[in-house]
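Working notes, structure below.
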Amino acid sequence: FKRLPGEDTDPTRVLVTGVPGIGKTSLCHAILDDVVNNTGVFTGFDFPYLIKFRKVNLIGKEKITFQSLLFDVNGPTVSTSDRPKLWKHLEDNQKNILLLLDGYDEAEGLGAHFNKGLTGHFSGTGTEAPPQQLLYNLIKGSLLPEACVLITARPQSTLPLMECMSDIAKEGQVR
């Protein structure tokens, strides 16, 4: 998440594409390992998190908060009493958050949000919405705008994604 020569800002949203089986999910796991062990290039993040679109599909269109998506649905449960303190830390330190969104091409219903530009009203990360809308707003930069977000996808599924991210993302391919 460092700027390329000639650019003024560091990207906060990065898209990595590759054909099936090339290692996009393995890349996400390797990045998580780097962050957790403070080795490699992905250091300096104190909250790495992997969200698999395949798992998000199981929620359907049920309205949930982004906090619930992180803490209940897609990872280890954080006790209700610990959430306010942890969430305050996350909101105050967004640049230290690394969210890995794996398998955009497997997301059910997310493409419709990109095609229609559905943003909804977000007064904060406690707003309830279908998970597809939450992830749309995360990718678009309306939700946790300073957090670093890496998205993996197959090349043929990325057109709506690239159109909305054109000014805030860099694309890389896994070969």
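The values are calculated or read from the model by the stated rules, or taken from the named source; none is laboratory data. Keep in mind that what you see is a predicted model, and the values were worked out from it rather than measured. Cβ coordinates were reconstructed from backbone atoms using ideal geometry, including for glycine residues, and neighbour counts include every protein chain displayed. Areas reflect the complete protein model, heavy atoms only, side chains present, ligands, DNA and RNA absent. Shrake-Rupley method; radii C 1.70, N 1.55, O 1.52, S 1.80 Å.
Do we find that Ile22 is open to solvent by 40 Å² or more (accessible area, probe 1.4 Å), on the phi < 0 side of the Ramachandran plot and not acidic (Asp, Glu) in this structure?
Against the criterion (open to solvent by 40 Å² or more (accessible area, probe 1.4 Å), on the phi < 0 side of the Ramachandran plot and not acidic (Asp, Glu)), Ile22 qualifies.
Failed condition for Ile22, given (1) over 22 Å from Leu135 (Cβ atoms); (2) free of Cβ contacts under 8 Å to residues at least 12 places away in the same chain, with all others met?
The single condition Ile22 does not satisfy is (2).
Suppose the filter is modelled with pLDDT of 80 or more and exposed (fewer than 13 other Cβ atoms within 10 Å of the Cβ); does Asp92 pass it?
Yes: the conditions hold for Asp92.
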